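So the structure is just underneath, and the comments pick up after that.
The values are calculated or read from the model by the stated rules, or taken from the named source; none is laboratory data. Bear in mind that the values here come from a model prediction, so they are computed numbers and not experimental data. Just the protein is used for accessible areas: all its heavy atoms, side chains included, with ligands, DNA and RNA removed. Shrake-Rupley method; radii C 1.70, N 1.55, O 1.52, S 1.80 Å.
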Amino acid sequence: NGRRRFDIPAEDLEARRQAVREWARMTDNKVIIFMNHGGGSNTPRIFAEDIKAYKDIAMGEDVWPPFRGGALGKPGFTHLNYYVAARLQWDSDLDLDDMLDEYYRLFYGPVAGEMRAFIDFYEVNQKKFGPVETAPVLEQALDLFGRAEGKVAPDSIYGKRIALFAEGVDRLKQAVPQCSIQH
């Protein structure tokens, strides 16, 4: 499980990377990074950073996405991760911001900026979703998503793509009242 999720502290991250480098020194071949994806998280910057960190010692990744309730069960929240990972496995020197600009423009069209704002916010703040004191963070995420959702027709291709987030966003909507009551 060489790649991290969003909640690994920096010191643990460096220890994990060092362990992978030590494995790589034991062979004349490149290593394969294993990643067991779980849950619905958007971590394109983490994916890019980790793939770039291992580019000289890894030949690729063995990715196991769960398909019930996990990564493939929430395609809106994870397909960007797979896109970033695939593109960087082909060329780890790609500029992430340029790649993301292209992705959002092509995939979300007229709401590219809104979806990028939502996903960027989500990536940075997802570890805060859940505790009682985070109702305002959840509300801000929902507001950002609502801006995109409200600008496109639900039956348009862009509306259908935004709808891929429905399951995860509904989960966030349900958490706000619970956080607010306990707050």
From largest accessible area down, sort GLU11, GLU102; use a 1.4 Å probe on the protein chains.
-> GLU11, GLU102
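Rounded to a whole number, what is D in µm²/s for segment 81-166 from Stokes-Einstein with the Kirkwood radius over alpha-carbon pairs (10 °C, 1.306 mPa s)?
After rounding, the answer is 113 µm²/s.
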Once phi is turned into θ = phi - 60°, what whole-Hz ³J(HN,Hα) does the Karplus curve with 6.51, -1.76 and 1.60 give for every residue of segment 149-164, x standing for Gly and Pro?
-> 4, x, 9, 10, 5, x, 8, 6, 4, 6, x, 5, 5, 5, 4, 4
